[in-house]
Amino acid sequence: MSPGEAADRASVRDGAEVLVVGAGPVGLTVAHELARRGIRIRVVDRAPGPADTSRALATHARTLEIYDQMGVLDDLLARGRKVEHFTLHRNGRTLIRFDTDYSRLATRFPFTLMVDQQITEEVLRTALAGLGVRIEWGVELTGFKAGADGVRVALAGADGTRAEQDVGWLVGCDGGHSLVRKVLGLPLIGDSSETWLIADAMVEVDLPQDSIHWMSVGGGTVMLVPFPEPGRWRLLDTAVAGDAGEAHEVGRRFAGKISRALGRPVRVHTPTWVSVFSIQQRMVPAMGSGRCFVAGDAAHVHSPASGQGMNTGIQDGYNLAWKLAMAVRGLAGPGFLESYPAERVPIGRALLSSTKNATALVALRNSALSGLMPFGLAFVNAVPAVKSRIERTIMASMSGLRLGYPDSPLTGTGDGRPGPGDRVARFEAAAAASPGCAALLDELRDPRWTFLVFADPGFERDAASMSERHAAWLSVRTVAASPDGVPGRLADPDGRLAAELDAAAGTWLLIRPDGYLAARSGGGAGRALDDYCAEFGIAVPAPGAAVAR
């Protein structure tokens, strides 16, 4: 079937509850999370097929945790390269090597994974296909009109065939030039700061590929970011004027700059991809209107200096999808989806600030600062405590592990750590291997919420009936030292899970589908859950409602 025929059939196709526009990492994340919750979706993309040019590389720790919950992590880990260092060079000298310091950011993934965005998209498409959803390539959204009960969308095939369709909801993951954003009238506020050049090439250089390499070259800087393939690097030059020129000339210029910075000859093969681009630092003040939403680059565009773009977009999509699924299934009240912009707009705003600072540091335009840099780094190298503090600051900014939603309209109350709005599974590898923590990590792969109650025999008698009542949206679990054949019980024989979650006997935790804590307390678990549902607009379905797993 041609793309035009696919669009033509749109007007008679029945049952699409959500239209996702854009089949990049963000759109694929939204589609995957909707589909595994049983939502009927369409995914369209104006491109004729999957992208064959290189784009984002860096996948940070919080995104890796999300991939684990989605069930796609193993496929990506096997095809990526772990990067755990950041090395600075100048005039033939290695000035300093910063290491990754996650000592105050507990995670099972204390590294950045370099994996080509093409591979990320391939893995997500495969997972989506396993849920019965195929991408409709060559189908473009040309307009839409949103009403109180749905959205009427206009689609066009590559051959010019046009059609219209009614859908319940529209999600625009259609990039920096988003039509969805423009039709909604959401302004992209900010500015354009610099012009940089990026190229992908094989490089003959004796540098370790477990590190990003930054080089001061006079009048600008060059960065080398490793691909998973041996010898292949992404090259970035902050001193660019006009067109890049022929690819072989780009390679020759990079070779000269890198050779001068390292003090030894380097050969750069003709790049396979070259791009000159203006760095945009812009975002929308809102991420949706009514039944229409935007995510990823459609909502915020910024510098690639710290590799945040794809990660933030995926986190947008992951945040939105479970909430939208609840709304589609009638499990959430009218105001529930307002938590999406309430949670993600402040993060986008903070991201623009951090990437602006990172851009200035990478480009190093200040000549006085550039001249003082070797002396400052020599001091940092000589004082381990200072170096460690800088390393922890870098990781806190880049990893996404510090992000939370304490001020969200979905965040309830409770004392303890993690607190409401915090990420729950703050486990290092040793903790994650314990029986109780491993069981919780497996539980978080369930697309529903989790209600976790510790060592409360009184509640355990009522857990089965509560589980049945809330099964469509909630997994009810009790925690005790031994399973003892009790349905729904998680075994925590060494008490590690209770210790990690600061959970004494009688403590309950309500965990959102994205792994953040909604509320916690001690005692009165059943009543507390009913109160939360009433306060935050969760509609409890009748017993026996279907559960999407």
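Odds and ends about this structure:
- Odd one out for ALA505, checked against (1) in a helix (DSSP H, G or I); (2) surrounded by fewer than 18 Cβ atoms within 10 Å (Cβ to Cβ): (1)
- Residues located in the range 193-230, provided they are part of a strand (DSSP E or B), of a type in the set (A, V, I, L, M, F, W, C) and closer than 29 Å to SER353 by Cα: TRP196, LEU197, ILE198, ALA199, ILE212, TRP214, MET215, VAL222, MET223, LEU224, VAL225
- When the residues of the range 389-406 are filtered to those that are surrounded by fewer than 18 Cβ atoms within 10 Å (Cβ to Cβ) and of a type in the set (D, E, K, R), the one that is nearest to the chain's Cα centre (by Cα) is ARG402.
- Of the residues making up the range 152-172, those that are within 12 Å of THR142 (Cα to Cα) and of a type in the set (Val, Ile, Thr) are VAL153, THR161.
- Residue that is modelled with the lowest pLDDT [pool: residues in the range 456-489 that are loosely packed, with under 15 Cβ neighbours inside 10 Å and among the polar types (S, T, N, Q)]: SER465
- Residue count for the range 440-494, restricted to those that are of a type in the set (Asp, Glu) and in a helix (DSSP H, G or I): 5.
- Look at the range 231-243: where a residue is at pLDDT 95 or above and a partner is surrounded by fewer than 13 Cβ atoms within 10 Å (Cβ to Cβ), sitting 6+ places away or on another chain with Cβ atoms under 8 Å, you get GLY231/GLU204.
- The single condition among (1) assigned to a helix (DSSP H, G or I); (2) free of Cβ contacts under 8 Å to residues at least 60 places away in the same chain that PRO406 does not meet is (1).
- PHE98 meets the conditions (1) assigned by TED's automatic domain parsing to the domain that holds LEU131; (2) surrounded by 15 or more Cβ atoms within 10 Å (Cβ to Cβ) in every case but one. The failed one is (1).
- Within the range 252-305, tally of residues that are closer than 24 Å to ALA23 by Cα, hydroxyl-bearing (Ser, Thr, Tyr) and at pLDDT 95 or above: 0
- The residue of the range 329-342 that is surrounded by the most Cβ atoms within 10 Å (Cβ to Cβ), among those that are in a helix (DSSP H, G or I) and out of contact with any helix residue (DSSP H, G or I) (no Cβ under 8 Å at 6 or more places or on another chain), is PRO341.
- Qualifying positions in the range 278-326 - under 18 Å from PRO409 (Cβ atoms), under 17 Å from the mean Cα position of the chain (by Cα) and surrounded by fewer than 24 Cβ atoms within 10 Å (Cβ to Cβ): TRP322, LYS323
- Search result, residues across the range 238-266 that are of a type outside the set (S, T, N, Q), touching a helix residue (DSSP H, G or I) at 6+ places or on another chain (Cβ under 7 Å) and under 27 Å from ARG81 (Cα atoms): PRO265, VAL266
- Residues of the range 179-187 include at least one that is surrounded by fewer than 20 Cβ atoms within 10 Å (Cβ to Cβ) and within 30 Å of TYR67 (Cβ to Cβ).
- Looking at VAL424, VAL362, just one residue is modelled with pLDDT of 85 or more and either in contact with a His (Cβ under 8 Å, 6 or more places away or on another chain) or of a type in the set (A, V, I, L, M, F, W, C) (or both), and that residue is VAL424.
- Here GLY132 meets each of (1) out of contact with any Pro (no Cβ under 8 Å at 6 or more places or on another chain); (2) modelled with pLDDT under 95; (3) not aliphatic (A, V, I, L, M) with one exception, condition (2).
- Which listed residue, of ASP68, ASP74, ASP52, is part of a helix (DSSP H, G or I) and surrounded by fewer than 19 Cβ atoms within 10 Å (Cβ to Cβ): ASP74
- Residue check: ASP101 meets all listed conditions (1) part of a strand (DSSP E or B); (2) touching a Lys or Arg at 6+ places or on another chain (Cβ under 8 Å) but one, namely (1).
- Some residue of the range 264-275 being among the hydroxyl-bearing types (Ser, Thr, Tyr), more than 21 Å from THR195 (Cβ to Cβ) and in a loop (DSSP other than H, G, I, E, B): yes
- Residue count for the range 502-526 satisfying the condition of being at pLDDT 80 or above and either within 21 Å of ASP456 (Cα to Cα) or not assigned by TED's automatic domain parsing to the domain that holds VAL476 (or both): 15.
- Residue list for the range 151-188, filter: touching a helix residue (DSSP H, G or I) at 6+ places or on another chain (Cβ under 9 Å), of a type in the set (Lys, Arg) and under 26 Å from PRO341 (Cβ atoms): ARG181
The values are calculated or read from the model by the stated rules, or taken from the named source; none is laboratory data. Since this is a predicted model, take the numbers as computed values, not measurements. Neighbour counts run over all protein chains shown; Cβ positions are idealised from the backbone, glycine included.
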